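For reference, the structure is listed below as structure tokens.
The values are calculated or read from the model by the stated rules, or taken from the named source; none is laboratory data. These numbers were taken from a predicted model, which means no experiment stands behind them. Backbone-built Cβ (ideal geometry, glycine too); neighbour counts: all protein chains shown. Protein only, heavy atoms only, side chains kept; ligands, DNA and RNA dropped before computing areas. Shrake-Rupley method; radii C 1.70, N 1.55, O 1.52, S 1.80 Å.
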Amino acid sequence: MHLSPQHSLQQGLPQHYIGLMSGTSLDSIDAALIEITPSAFPRLVATCALAIPANLREQLLTLCHSDHALFSQLASAEQAFCELQARAVKDLLTAAQLDDNAISAIGSHGQTIEHAPGGHNAGPAYTLQLDNPSLLAELTGCTVVADFRRRDLAAGGQAAPLAPAFHQALFQGEHQPHAVLNLGGFANVTWLPAGNSMPLGFDTGPANVLLDAWYQRHHIDALFDRDGHWASGGDVDPLLLARLLSEPFFHQPPPRSTGRERFHLPWLESHLTGQELAQDVQTTLAELTARSVAEGIQQLARHQPFRLIVAGGGAHNSDLCRRIADNLPQATLATPEAWGWPADWIEAGAFAWLAYRRLYHFPGNLPSVTGAAGPRVLGGIYAP
């Protein structure tokens, strides 16, 4: 007999949730299977990364930068994206040797197309994630929780970042301050004071989004600068770096969040003179990420010693991590593996955990991070 999630937890039985995340890098659907048991930390059980096909990636990128998207384009991309999510779920269940009845819920973040918590052209605040949770429930046979962001937005929040609540669940309670840095397409930081004080956090700016875009422009059939090899061989252009850092977002007090609608290749090109060497631009973009991350964290750390847990795809970029360490001399860099979580899987795990929070009517946001009027239960439930 299949117990309800509520009954399972009351009996002290482990529950399984799947989190789906693709992120602003648009490289793959990440599917993470986690186990939740009362009075225990969420445990990562299995993972699956399914590459986003080149044609779908181009569709999504076009929509992210389109001023006049057609409904048919949105529907086509959403259908293909959802079918890919369903494949990732089935591959994950096969790898874990589980069937859909073992899953309490899937937490689907969807693919962000545009994020404008401050509105656009004096219009209302909005955030748009391409997703079809009804179809995902139909294809997988699982309960799906989706549309996590707009409840926080409705409460006056930024709707991002949402992972800090999960960071708190995994990492808080240590004797020294911790910061959790996610280096995806964009970078966000969570500050966890010693003990159990209120976490803080915000987006610091671009992480890999500009690095990847500039690298792809100058390298055929390559998606990213592996280990920062190209960036490590150039020189920082101090005048270009100063122009990039003059972007008002970097000087905006939190709460704050951002995305491709602000930082993209045309934004970078508007700061170029045309005389720069392509490799030096890559190096300068790496320094931009490191400098903006460090300046953001210093607002929270105020030069006290702390441990910096680095996660996301950028955690594998040794050149970028070295630059961040150079800009944060009081930080001791660490990896989340010590807590049982590989660097690539915390974001997907967060949305599995948020699905669990939704089923039990627990808040999923941190008002101290997003600026919402208060704690809110996030997401809608779609039964299979």
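For the criterion of being among the aliphatic types (A, V, I, L, M), open to solvent by less than 50 Å² (accessible area, probe 1.4 Å) and modelled with pLDDT of 95 or more, Leu308 passes. Annotation note: Cβ proximity below 8 Å between a residue of segment 370-384 that is farther than 20 Å from Trp191 by Cα and modelled with pLDDT of 95 or more and a residue that is polar (S, T, N, Q) and surrounded by 20 or more Cβ atoms within 10 Å (Cβ to Cβ) (sequence gap 6+ or interchain) occurs for Arg376/Asn365; Leu378/Asn365; Ile381/Thr143; Tyr382/Thr143; Ala383/Thr143.
To keep it simple, each residue is scored yes or no on (1) open to solvent by less than 10 Å² (accessible area, probe 1.4 Å); (2) within 19 Å of the chain's Cα centre (by Cα); (3) more than 14 Å from Arg149 (Cβ to Cβ).
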residue	(1), (2), (3)
Trp345	no, yes, yes
Phe351	yes, yes, no
Phe362	no, no, yes
Leu366	no, yes, no
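Within segment 121-133, residues that are closer than 12 Å to Ala75 by Cα have Cβ atoms under 8 Å from residues that are of a type in the set (Val, Ile, Thr) and not in a strand (DSSP E or B) in no pair, counting only partners at least 6 apart in sequence or on another chain. Summed over segment 20-33, the residues that are open to solvent by less than 20 Å² (accessible area, probe 1.4 Å) and either farther than 18 Å from Leu136 by Cβ or touching a Cys at 6+ places or on another chain (Cβ under 9 Å) (or both) give a count of 5.
Give me a count of the residues in segment 49-75 that are outside any helix (DSSP H, G or I), open to solvent by less than 60 Å² (accessible area, probe 1.4 Å) and over 15 Å from Met21 (Cα atoms).
Residues of segment 49-75 that are outside any helix (DSSP H, G or I), as a first pass: 49-53, 65-70.
Subsequent filtering for residues that are open to solvent by less than 60 Å² (accessible area, probe 1.4 Å) retains 50, 52-53, 66, 69.
Cutting the leftovers down to over 15 Å from Met21 (Cα atoms) gives us 53, 66, 69.
Qualifying residue count, segment 49-75: 3.
Could you list, in sequence order, the residues of segment 270-289 that are over 22 Å from the mean Cα position of the chain (by Cα) and either open to solvent by less than 10 Å² (accessible area, probe 1.4 Å) or among the β-branched types (Val, Ile, Thr) (or both)? Once the filter is applied, which keeps residues that are over 22 Å from the mean Cα position of the chain (by Cα) and either open to solvent by less than 10 Å² (accessible area, probe 1.4 Å) or among the β-branched types (Val, Ile, Thr) (or both), segment 270-289 yields Thr273, Val281, Gln282, Thr283, Thr284.
Within segment 76-114, being within 18 Å of Leu33 (Cα to Cα), acidic (Asp, Glu) and either assigned to a helix (DSSP H, G or I) or open to solvent by less than 70 Å² (accessible area, probe 1.4 Å) (or both) holds for Asp91, Asp100. The set of residues in segment 76-114 being touching an Asp or Glu at 6+ places or on another chain (Cβ under 8 Å) and either more than 30 Å from Ser257 (Cβ to Cβ) or modelled with pLDDT under 95 (or both) consists of Leu93, Glu114.
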